[in-house]
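The values are calculated or read from the model by the stated rules, or taken from the named source; none is laboratory data. None of these values were measured; they are calculated from a predicted model. Glycine gets a Cβ as well: all are built from the backbone with ideal geometry, and neighbour counts include every protein chain shown.
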Amino acid sequence: MSNQYPIWKYLLIACVLLIGFVYASPNLYMPDPAIQVSGESSSLKMDERVLKKIKSALSKQNIVIIGEEIQDGKSILIRFNNDDDQLKAQGVLNDALGDAYITALNRASNTPDWLKSIGAGPLKLGLDLSGGVHFLLEVDVEEAVNKNLESCVSKIKTELKDKKNSGLFKLKQKKNKRKIK
């Protein structure tokens, strides 16, 4: 009394597992740390001239590039060996390129072309699984202090009006007037 299934069911399970493994395999190729450089405005074209400038600035600082790619003339993707080089390179590129260009930290996929051609790609991790988001918050301290002072003045005025309407303030004023006269 053994549970014997037809061979086609075993083959179907084997095919499903094989296809599942093939489509999950891009997750085995870890992405490279990268920087994506694009223009501040869409009129700035990313070309060989900008790429040469980027390579020159990075080579002066002894930062190793493992790959570069111009993406549709709209951005340039520079790949690095590790995260430390990536962070150092961002500072170097911000100084070298100026405000006309935006440098963004990125991860460049290493999925082989044959897997991409069948539509397989790595699983996109959400912000909670990929390290979160880092915001840079700049505060105008002078403006914050002024708003705080305005708020305090408004509260004091409101309290004085409430005391005047409740009669407490009027009594104190009348006593002060009698003493002065």
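Points worth noting:
- Of the strands (runs of 3 or more DSSP E) that lie entirely inside the range 1-116, not one contains 2 or more residues that are loosely packed, with under 11 Cβ neighbours inside 10 Å.
- Exactly one residue among Leu58, Leu136, Leu115 is touching a residue at least 12 places away in the same chain (Cβ under 8 Å) and either over 30 Å from Leu18 (Cα atoms) or touching a strand residue (DSSP E or B) at 6+ places or on another chain (Cβ under 9 Å) (or both), and that residue is Leu58.
- Screening Ser109, Ser75, Ser56 for residues that are of a type in the set (Ser, Thr, Tyr) and at pLDDT below 90 leaves exactly one candidate, Ser109.
- In the range 91-103, residue farthest from the chain's Cα centre (by Cα) [restricted to those that are over 19 Å from Gln61 (Cα atoms) and hydrophobic (A, V, I, L, M, F, W, C)]: Ala100
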